[in-house]
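Here the structure is laid out as structure tokens; the discussion comes afterwards.
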Amino acid sequence: MKVIKSIEELQEIRANTKSSIGFVPTMGALHDGHISLIKKAREENDIIFVSIFVNPTQFLEGEDLDSYPRKDEADKKICEICNVDYLFMPEISTMYEKEEILIKAPNNSYTLEGLTRPGHFDGVLQVVLKLFNLIRPQNAYFGKKDAQQLALIQQMVRNLFLPINIIPCDIVRQNNGLALSSRNAYLNEKQKEQALLISKSLYSAGTLIAKGERETKIIKEKIYEVMDKLDVEYVAIVDKQFNEIKTIKQGDTIILVVARFGQVRLLDNIWI
Ligand code: AMP
């Protein structure tokens with residue numbers, strides 16, 4: 001595996017790579033969720049690139065940019081074990097100028113994550129477009145865990161006619177149901193225990209739906225009931241375009257929840 005720090009080096013390597021390229025962008029502190037994306041990319045492409053870049057433009061003022069978990073050495077080992085060909089770890093100063101051409105997420109994305117974190121998705125799209133332009137992959141792998149991000153990246157690819165396949169990847173969970181997240185590291189033991197109610201609430205929703213319930217109002221009530229003791233920021237039931245729906249549509253429904261543990265926001269969702 002080659003670790004690449006400079007843009008020029010990356011561009012040179014890319015110019016000399018003719019094989020099919022798979023790409024997994026991350027912010028590091030790699031866990032089994034990231035590893036599942038990397039493994040899928042490894043299976044489906046000749047050459048794979050992983051990036052680790054804690055992108056400042058997607059963090060809002062007062063968010064955890066400075067304290068975001070950084071585990072560069074462990075991450076390098078994980079990538080090596082996963083047979084990654086190239087690990088791109090650029091410096092912030094090489095990725096951005098002071099004044100930049102900006103990408104703006106569509107207005108209808110200012111709901112859910114976009115409502116709590118206005119401007120977050122502008123920053124996500126900006127950095128993903130930069131990375132796409134640098135690496136020019138055929139296939140890029142994203143987790144369904146960040147469902148709204150995934151939908152916006154699919155839209156960006158569509159709207160800007162980027163010749164890239166976006167491959168959605170299933171959420172990886174602990175055995176007890178908790179969705180893996182780099183931010184789980186912020187939780188204390190008690191919070192980790194309480195956080196199990198998040199996936200439990202989604203499983204209860206899944207059970208209700210399996211029994212034939214289709215009305216989203218009733219499903220939401222059940223979810224809130226299970227998370228009664230948590231600080232729930234939102235529960236949303238949407239179609240894949242992220243429009244709120246009143247009736248479950250099999251194959252076109254995502255149920256999303258966010259709960260807060262102090263400053264830490266944990267996201268989870270299931271796809272019906
Ligand atoms: P991040 O490092 O948090 O920016 O995540 C990098 C990629 O990994 C994104 O596409 C995430 O959606 C994906 N990811 C994060 N957690 C998980 C998980 N538990 N299961 C599957 N994919 C995940």
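The values are calculated or read from the model by the stated rules, or taken from the named source; none is laboratory data. What you are looking at is a predicted structure, and each value in this text was computed from that prediction instead of being measured. When we count neighbours, we look across all protein chains shown, and the Cβ atoms used for this are built from the backbone with ideal geometry, even at glycine. Accessible surface areas use protein heavy atoms only, side chains included; no ligands, DNA or RNA. Shrake-Rupley method; radii C 1.70, N 1.55, O 1.52, S 1.80 Å.
Of all residues in region 106-132, those that are more than 17 Å from L65 (Cβ to Cβ) and more than 14 Å from the chain's Cα centre (by Cα) total 12. Once region 37-70 is narrowed to residues that are among the charged types (D, E, K, R) and in contact with a helix residue (DSSP H, G or I) (Cβ under 9 Å, 6 or more places away or on another chain), the residue that is most open to solvent (accessible area, probe 1.4 Å) is E63.
Among residues of region 248-272 that are touching a residue at least 60 places away in the same chain (Cβ under 8 Å) and farther than 11 Å from L230 by Cα, those with a Cβ under 6 angstrom from a residue that is basic (K, R) and not in a loop (DSSP other than H, G, I, E, B), sequence gap 6+ or separate chain, pair up as V264/R183. Among all residues of region 233-246, there is none that is more than 29 Å from A105 (Cα to Cα) and either over 18 Å from the mean Cα position of the chain (by Cα) or in a loop (DSSP other than H, G, I, E, B) (or both).
Restricting the search to region 182-196, which residues are touching a residue at least 40 places away in the same chain (Cβ under 8 Å) and either within 16 Å of the ligand (Cβ to nearest atom) or closer than 24 Å to I237 by Cβ (or both)? Give the steps one after another, and end with the answer.
Within region 182-196, the subset touching a residue at least 40 places away in the same chain (Cβ under 8 Å) is 182-187, 191, 194-195.
Within region 182-196, S182, R183, N184, A185, Y186, L187, Q194, A195 meet the criteria.
Filtered by the rule that a residue be assigned to a loop (DSSP other than H, G, I, E, B) and within 16 Å of the ligand (Cβ to nearest atom), region 16-44 gives M27, G28, A29, L30, H31. For region 210-237, the set of residues classified as open to solvent by less than 10 Å² (accessible area, probe 1.4 Å) and in contact (Cβ under 8 Å) with a residue 60 or more places away in the chain consists of A236 only. Here T94 qualifies as more than 22 Å from the chain's Cα centre (by Cα), open to solvent by 20 Å² or more (accessible area, probe 1.4 Å) and of a type in the set (S, T, Y). When residues in region 147-179 are screened for being within 30 Å of E193 (Cα to Cα), under 13 Å from the mean Cα position of the chain (by Cα) and open to solvent by 30 Å² or more (accessible area, probe 1.4 Å), 5 of them pass. Within the span defined as region 263-272, one or more residues are open to solvent by less than 80 Å² (accessible area, probe 1.4 Å) and more than 16 Å from the ligand (Cβ to nearest atom). Assessment of region 216-227 against the conditions (under 20 Å from K144 (Cα atoms), outside any strand (DSSP E or B) and within 14 Å of the ligand (Cβ to nearest atom)) yields no matching residue.
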